[in-house]
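Notes for the one structure printed next.
The values are calculated or read from the model by the stated rules, or taken from the named source; none is laboratory data. Predicted model, so just to flag it, every value in this text is computed and none were measured. Here the Cβ positions follow ideal geometry from the backbone for every residue, glycine too, while neighbour counts run over all protein chains shown.
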Amino acid sequence: MKVAGFTFVRNAVKYDYPVVESIQSLLPLVEELVVALGNSEDHTRQLIEAIGDPKIKIFDTVWDDSLREGGRVLAVETDKALAHVSKDANWVFYLQADEVLHEADLPIIREAMEFYLKNPSVEGLLLHYHHFFGTYDYIGDNRTWYRHEIRAMKPHPELHAYRDAQGFRIGDRKINVAEIPAHVYHYGWVKPPEKQQAKQQSFHKLWHDDQWMKKNVSQSNSFNYQQTDSLRKFHGSHPAVMKARIARLNWDPGLKEGILNMKWKKRLLYFLEKWTGWRPFEYRNFNKVAHWHPLRKS
């Protein structure tokens, strides 16, 4: 069984993406790792080359900065990376530059891949998410944060990134997936406040025009981490590759666990989910056809 990884990145140094940790976390799972390196204004290339692993295959791309609707350019860049994956791969695994895998989950992912390798009814694997916010101690705890997404897929001629590359589709249809007990650790909202603000001022341009940007994105030099709905404490362990980055954290946004800012309608939905586990009107860009566990395969 051959597994190929793919990702894309641009300006990882400028916006403090944990792309090195992301790549390092994926390397043990794959036989090759394709990196679509966007036209950066910093030393992103040197950062990735310094990893020094022969599995890494870097190719240069130029982002179309005129694509400013729905994050479309992110899907375009994702598809470029996917197109460079070796054609003999049995599975492809996608991580974004701020997503990291825990080493404890790698055997689970590989076992699930082997289990479903020759099962045509399962076309991908659905992973759970930890969305960290502000620091490495807190997780986003409201409906804004998606709970699952497809990250492992069987290659298909019509496989492509969907919308802003949060997920994938085959042609126009949703992918049939098996949910597995593994997590993606999403660190895109843990940065020094000045780096986070710079990212907001740049990143929102991928979705919105200048008028929207002027109205909705602060021109402050520091991001206000207090402007979230709710948070909960994270009591698990982080991926080992994140140890050095976590040790370098040198800011305190003054966060606390619980509801911070939430209107009454959102509160009703929030508590309904907490009490029942059900999230009404949840967006699901996948068809879940199986739920897999290493001790209970079904």
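Tabulated data for the structure shown
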{"item": "Selected residue (criterion: nearest to A75 (Cα to Cα)) from residues of the stretch 204-239 that are surrounded by 15 or more Cβ atoms within 10 Å (Cβ to Cβ) and among the aromatic types (F, W, Y)", "result": "W207"}
{"item": "Listing of helices (runs of 4 or more DSSP H) fully contained in the stretch 34-146 that carry 3 or more residues being over 15 Å from the mean Cα position of the chain (by Cα) and either closer than 22 Å to V3 by Cβ or at pLDDT below 95 (or both)", "result": "72-83, 106-116"}
{"item": "Breaking point among (1) closer than 30 Å to R110 by Cβ; (2) free of Cβ contacts under 8 Å to residues at least 40 places away in the same chain; (3) not β-branched (V, I, T), for R163", "result": "(2)"}
{"item": "Tally of residues being loosely packed, with under 10 Cβ neighbours inside 10 Å and either among the hydroxyl-bearing types (S, T, Y) or touching a residue at least 12 places away in the same chain (Cβ under 8 Å) (or both) across the stretch 259-280", "result": "1"}
{"item": "P294 vs. criteria loosely packed, with under 15 Cβ neighbours inside 10 Å and in contact with a helix residue (DSSP H, G or I) (Cβ under 9 Å, 6 or more places away or on another chain)", "result": "yes"}
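Residue-wise test of (1) touching a helix residue (DSSP H, G or I) at 6+ places or on another chain (Cβ under 6 Å); (2) buried (at least 18 other Cβ atoms within 10 Å of the Cβ); (3) basic (K, R); (4) in contact (Cβ under 8 Å) with a residue 24 or more places away in the chain.
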site: V100; (1), (2), (3), (4): yes, yes, no, yes
site: D105; (1), (2), (3), (4): no, yes, no, yes
site: K118; (1), (2), (3), (4): no, no, yes, no
site: S121; (1), (2), (3), (4): no, no, no, yes
site: H128; (1), (2), (3), (4): no, no, no, yes
site: G134; (1), (2), (3), (4): no, yes, no, yes
site: D141; (1), (2), (3), (4): no, yes, no, yes
site: R151; (1), (2), (3), (4): no, yes, yes, yes
site: K154; (1), (2), (3), (4): no, yes, yes, yes
